[in-house]
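Read through the structure below, which is laid out as structure tokens, and then see the notes.
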Amino acid sequence: QVQLVESGGGLVQAGGSLRLSCAASGRTFSSYAMGWFRQAPGKEREFVAAIVWRGESTTYADSVKGRFTISRDNAKDTVYLQMNSLKPEDTAVYYCAARYGGASVSSRVYAYWGQGTQVSVSS
């Protein structure tokens, strides 16, 4: 079992920045690929970014490429999502997720999920 707890969400003006954190506990964090997903009201959950267990490879949704950066610190059992140049359309609940194996853009293959943190971007 892996437990995930997100933090760092909040309200920010368009063009601003936030850094989300996801703290993991339980099994060896460094063995898991990590992903960030988001879900806006009335919409399906969508992929944002993913990182492999060593951190040397990352993947991003086209909508956030160049603005968001995913990273991890295996010594701290934490994954981060640095979000810059935020837009109102980035408003959503952001979830981190873990899976044993390679990183994936599909939410269905992630076995462990956090409770989510709200990000709201005002125009």
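Quick notes
- If you go through the stretch 36-86 and keep only what is more than 19 Å from Y110 (Cα to Cα), open to solvent by 30 Å² or more (accessible area, probe 1.4 Å), assigned to a strand (DSSP E or B) and modelled with pLDDT of 95 or more, you end up with T69, Q82.
- Single residue of the stretch 1-26 satisfying the filter (assigned to a strand (DSSP E or B) and among the polar types (S, T, N, Q)) that is surrounded by the most Cβ atoms within 10 Å (Cβ to Cβ): S21
- Pairs meeting the criteria (first residue in the stretch 101-123 and farther than 15 Å from M34 by Cβ, second residue in a loop (DSSP other than H, G, I, E, B) and basic (K, R), beta carbons under 8 Å, at least 6 apart or on different chains) are V121/K87.
- Here M34 clears all of (1) under 28 Å from S123 (Cα atoms); (2) within 11 Å of the chain's Cα centre (by Cα) except the condition numbered (1).
- Taken over the stretch 101-123, residues that are of a type in the set (A, V, I, L, M, F, W, C) and either open to solvent by less than 30 Å² (accessible area, probe 1.4 Å) or outside any loop (DSSP other than H, G, I, E, B) (or both) amount to 4.
The values are calculated or read from the model by the stated rules, or taken from the named source; none is laboratory data. Computed from a predicted structure; not experimentally measured. With ideal geometry, Cβ positions are generated from the backbone for all residues, glycine too; neighbour counts draw on all protein chains shown. Keep in mind that these areas ignore ligands, DNA and RNA; they rest on the heavy atoms of the full protein, side chains included. Shrake-Rupley method; radii C 1.70, N 1.55, O 1.52, S 1.80 Å.
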